[in-house]
Amino acid sequence: MVTTKEEYAEIVDAYGKAGGDKEALKSREVATLVVHENRVLSSNQAEGIRIKWEQKEKGVRAELTVEAGKKIKHPVHLCFGILPKEGLQEIVLKVNVQDGAEVGIIAHCIFPSAVNIIHKMDADIKIGESAKFYYHETHYHGDFGGIRVVPKARIEVGKKSVYQNTFSLIEGRVGRLDFNYEVSCGEKSITELVAKVYGKKEDDIKILEKVNLNGREARSLIKSRLVLRDKARAEVIGETHGNAPLARGHVDCTEIVDGEEAIAKAIPIVSVNNREAKVTHEAAIGSIDKKQMQTLMARGLDEEEAVKVIVKGVLK
Amino acid sequence: MLQIENLKLIVDGNPVINDLSLNVDQGEIHAVLGVNGTGKTTLAYLIMGVNYLPDGGKIIFDGEDITRYPISQRAKMGITLAWQEPARFEGLSIRDYLGLSNDLEIGEIEDYLWAVGLPPFQFLDRAVDTSLSGGERKRVELASVLAMRPKFAILDEVDSGIDVVSLPHIVNGIVKMKSLGSSVLLITHNEDTVAIADKVSVMCAGKIFKMGPPREMCQWFRENCQICGHINLPG
């Protein structure tokens, strides 16, 4: 039987291999939460930030509050994962970044042996006024593709606040991804949603990012970068609604199809309900750009090397 | 170093390259001067193996017939191309772009940037993407050709769209290329750039009409080509 200590060591090791900073998990100054399956293996509080958690039957409920005016020096580190081949993990996350606060969160979700795993994350994020919240989530799902991941979030961005979210799944397989984020943006707020995904074999990717620019002079960018190989499929919906005067939004989707049977769809949905709002979109789907390939090959790279350079740059 | 013999290319029934012959010697800067639409860029593409294969004639490089070789093979032999409209690469830094073809020390990469007038501390970690102005992108392109230390560099209008302040940096870059041992085929319609060449060939309607020293060819170009009414018509 694996002890909690051994379990913790294993997941931290996997966390490090997936790109996480293992030293941060040891530091007393860094707020952390490490969850394996439905067990919290470790948690650390830090000045200005409170983390409350509760173990449930199938996962964990966590609440993170950043106190008003506090600028958290070190990013919060979260680690969620399932190391065995099978399992179910449901994370319910509430984040409250109070007025004037500033915090970054680095989250790693690790499922290195996934053959039959479901991971769901349901989050409610409230960002107060004049606050800043940066959230960077990196996933690693191993090489078997036996995982279904359902990240869902509702975010409220307060007046004059900044919200930046990056979702990255570029190593290993994706499996099935059903990503659904909806953001409501207050006056003079700035929101940026970035998704980077590399689909291989039979990976099935659905991304829905919706931004409602509800406040005057609110601004947003939805940016997605996908590369699809083999028989991978993706559908990316980037939705932005300009509902207030001088609101500005942009949707930018690039999907590279590098496989005979890969299928990519990009569906930008843009609307304005105020004559002073402006929302734009650009989408580019297709095979790797011929001129880019020729340029790199004219520097001596062969075709495969050139593809790697281009894909690496797009997903960077 | 490079011999082009009776090269022909027909596109949609038009002789875009029309029995063209040209020689470039080792260590030479050889300019090809011509007005727009005479086939200069197409010639560059044929030498590099981009987009087209010729319908007739030969391209001999270092004694080897490379007429049907693919791009990568020509590049590995030491031929490269600086594009008239260089591609942009999201997420690829200038540092990495210059380091693609050779294992370079950071000092060397910085030297190549200085050679084209781009301060490394400002440009090294920038991406080769749409954030660069047209002129900056061209200078990065020239620096990347320098960094490859090619035997033979085809420079396709590297001076077009460059402001007067930056143009000397382009010229310096080309001169440096020669000093490092590269032969250069310099495609341009700018007489000021032509001045650094060892020889100039004047091109019109897909063929070389005349070859000679820069001053003489520029004069001939001015007197005959710039006012000519039958661009792109052979003979």
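The values are calculated or read from the model by the stated rules, or taken from the named source; none is laboratory data. All values reported here derive from a predicted model rather than from experimental measurement. Here the Cβ positions follow ideal geometry from the backbone for every residue, glycine too, while neighbour counts run over all protein chains shown. Ligands, DNA and RNA are excluded from the accessible area calculation, which covers all protein heavy atoms including side chains. Shrake-Rupley method; radii C 1.70, N 1.55, O 1.52, S 1.80 Å.
Rounded to the nearest 100 Å², what is the sum over both chains of accessible area buried where A meets B, with a probe of 1.4 Å?
1900 Å²
Could you state the accessible area per residue of the range A:174-285 in Å², with a 1.4 Å probe and every protein chain left in place?
Numbers: 4690 Å² over 112 residues.
Per-residue accessible area for the range A:174-285 comes out at 42 Å².
With runs of 4+ DSSP H residues as the only contributors, calculate the mean residue ellipticity of chain A at 222 nm using -39,500 (n - 2.57) per run, divided by the residue total and rounded to the nearest 500.
On the way: 4 runs with 39 residues, N = 316.
Theoretical 222 nm ellipticity from helices: -3500 deg cm²/dmol.
Quick check: net charge around B:Trp83, other residues with Cβ under 10 Å of its Cβ, Lys/Arg +1 and Asp/Glu -1? Intermediate results must be reported in sequence, preceding the final value.
Details: positive: A:Lys291, B:Arg137, B:Lys138; negative: B:Glu85, B:Glu141, B:Asp156, B:Glu157.
Charge balance in the 10 Å sphere: -1.
Relative contact order for the range A:28-174: what is it in percent, counting Cα pairs under 8 Å that are at least 6 residues apart? Display every interim value, and only then the final one.
Numbers: 449 pairs, mean separation 28.3, N = 147.
RCO, the range A:28-174: 19 percent.
What fraction of the DSSP beta bridges in chain A is antiparallel, stated in percent and rounded to the nearest 5? Before the final figure, lay out the partial values.
On the way: 13 of 148 bridges.
For chain A, the DSSP antiparallel bridge percentage is about 10.
Please check: in the Gaussian network model of chain A (C-alpha springs, under 10 Å), which one of A:Ala284, A:Ala262, A:Ala232 has the largest mean-square fluctuation.
Top of the fluctuation ranking is A:Ala284.
Rounded to whole Å, give me the distance from the Cα center of the range A:176-253 to that of the range B:111-158.
34 Å
When the helices in chain B are scored as -39500 (n - 2.57) per DSSP H run of 4 or longer and the sum is shared across all residues, what 222 nm value do you end up with, to the nearest 500 deg cm²/dmol? Write down the numbers at each step before the final one.
Numbers: 9 runs with 78 residues, N = 235.
For chain B, the value works out to -9000 deg cm²/dmol.
Add +1 for every Lys or Arg and -1 for every Asp or Glu among the other residues with Cβ under 11 Å from the Cβ of A:His250, and state the total. Intermediate results must be reported in sequence, preceding the final value.
Values: positive: A:Arg219, A:Lys223, A:Arg248, A:Lys278; negative: A:Glu192, A:Asp252, A:Glu282.
Combined, the nearby Lys, Arg, Asp and Glu give +1.
Under the rule a/c < 1.5 gives rounded, and otherwise a/b versus b/c splits prolate from oblate, where does chain A land using the Cα gyration tensor?
On the way: a/c = 1.83, a/b = 1.07, b/c = 1.71.
Taking the square roots of the gyration eigenvalues as a ≥ b ≥ c, chain A is oblate.
Suppose R0 equals 30 Å. What FRET efficiency, 1/(1 + (r/R0)^6) with r the Cβ-Cβ distance, do A:Lys73 and A:Lys94 give to the nearest 0.05?
Working: r = 23 Å, r/R0 = 0.76.
About 0.85, to the nearest 0.05.
By its C-alpha gyration tensor, with a ≥ b ≥ c as the square roots of the eigenvalues, how is the range B:102-174 shaped: rounded for a/c under 1.5, else prolate for a/b larger than b/c, else oblate?
Cα axes put the range B:102-174 in the oblate bin.
At 1.4 Å probe size, with the rest of the protein present, what percent of the exposed accessible area of the protein assembly as shown is carbon and sulfur atoms? If you can, show how the numbers build up before the last one.
Values: 11280 of 23750 Å².
Result for the protein assembly as shown: 47 percent of the exposed heavy-atom area is carbon or sulfur.
Net charge around B:Ile170, counting only other residues with Cβ within less than 12 Å of its Cβ (Lys, Arg = +1; Asp, Glu = -1)? Kindly include the intermediate steps, with their values, before the conclusion.
On the way: positive: B:Lys138, B:Arg139, B:Lys176; negative: B:Glu136, B:Glu141, B:Glu157, B:Asp159, B:Asp163, B:Asp192.
Counting the neighbours of B:Ile170, the net charge comes to -3.
Mind checking which of B:Ser133, B:Ser144, B:Ser201 has the largest fluctuation in a GNM of chain B, springs on alpha carbons under 10 Å?
Greatest mean-square fluctuation among the candidates belongs to B:Ser133.
Taking amide H positions as placed 1.01 Å from N in the peptide plane, with prolines and chain starts having none, which residues 5 or more places from A:Val95, or on another chain, fall under 5 Å of its amide H?
A:Leu64, A:Asp124, A:Ile125, A:Lys126
Within the range A:234-299, which GluC sites (Glu not before Pro) sit in a loop by DSSP and count at most 16 neighbouring Cβ atoms inside 10 Å? Before the final figure, lay out the partial values.
On the way: sites: A:Glu235, A:Glu239, A:Glu255, A:Glu260, A:Glu261, A:Glu276, A:Glu282; in loops: A:Glu260, A:Glu261, A:Glu276.
Loop-located and lightly packed - A:Glu260, A:Glu261, A:Glu276.
Top to bottom by accessible area (1.4 Å), largest first, where do A:Arg275, A:Arg299, A:Arg50, A:Arg229 land? Walk me through the numbers on the way to the answer.
On the way: A:Arg275 230, A:Arg299 5, A:Arg50 115, A:Arg229 80 Å².
Sorted by accessible area, descending: A:Arg275, A:Arg50, A:Arg229, A:Arg299.
Report, ordered by chain and residue number, the lysines lying within cross-link reach of B:Lys207, taken as a straight Cα distance under 18 Å and ignoring same-chain residues fewer than 8 apart.
Excluding near neighbours in sequence, the set is B:Lys8, B:Lys40, B:Lys58, B:Lys199.
Applying 1/(1 + (r/R0)^6) with R0 = 41 Å to the Cβ-Cβ distance of A:Lys201 and A:Glu47, what FRET efficiency is obtained, to the nearest 0.05? Could the numbers behind the result be given before it?
Numbers: r = 45 Å, r/R0 = 1.11.
So the FRET efficiency works out to roughly 0.35.
Using a/c under 1.5 as the rounded threshold, could you call the range B:1-86 rounded, prolate or oblate? The axes a ≥ b ≥ c are square roots of the C-alpha gyration tensor eigenvalues, and prolate needs a/b larger than b/c, oblate otherwise.
On the way: a/c = 1.35, a/b = 1.26, b/c = 1.08.
Note, shape of the range B:1-86 comes out rounded.
Please sort by residue number the trypsin sites (Lys or Arg not before Pro) in the range A:113-167 whose DSSP state is loop and whose Cβ has at most 13 other Cβ atoms within 10 Å. Kindly include the intermediate steps, with their values, before the conclusion.
Working: sites: A:Lys120, A:Lys126, A:Lys132, A:Arg148, A:Lys152, A:Arg154, A:Lys159, A:Lys160; in loops: A:Lys159, A:Lys160.
Answer in residue order: no site qualifies.
Would you tell me the mean number of C-beta atoms belonging to other protein chains that fall within 10 Å of each C-beta in A:287-297, as a whole number? Don't skip to the answer; put the middle values down first.
Details: counts 0, 0, 3, 3, 7, 5, 2, 10, 15, 9, 11.
Mean partner-chain Cβ count within 10 Å for A:287-297: 6.
Could you calculate the contour length gain from B:Asp19 to B:Asn172, that is, 0.36 nm times the residue separation minus the distance between their Cα atoms, to one decimal place in nm?
Length difference between fully extended and current span is 51.8 nm.
Given a Förster distance of 56 Å, report the FRET efficiency between A:Glu10 and B:Lys210 from their Cβ-Cβ distance, rounded to the nearest 0.05.
Working: r = 76 Å, r/R0 = 1.36.
So, using R0 = 56 Å, E works out to roughly 0.15.
Applying a 10 Å radius around every beta-carbon, put A:32-44, B:56-68 in order of their mean neighbour count, most first.
My ranking of the peptides, most packed first, is A:32-44, B:56-68.
What is the angle, in °, between the Cα long axis of helix B:106-115 and the longest principal axis of the Cα atoms in chain B? Nearest 10 is fine, range 0 to 90.
Taking Cα atoms only, the helix is inclined about 50 degrees.
Would you list A:Met121, B:Met211, B:Met77 from the most to the least accessible area, probe 1.4 Å?
Details: A:Met121 10, B:Met211 105, B:Met77 35 Å².
Result, largest first: B:Met211, B:Met77, A:Met121.
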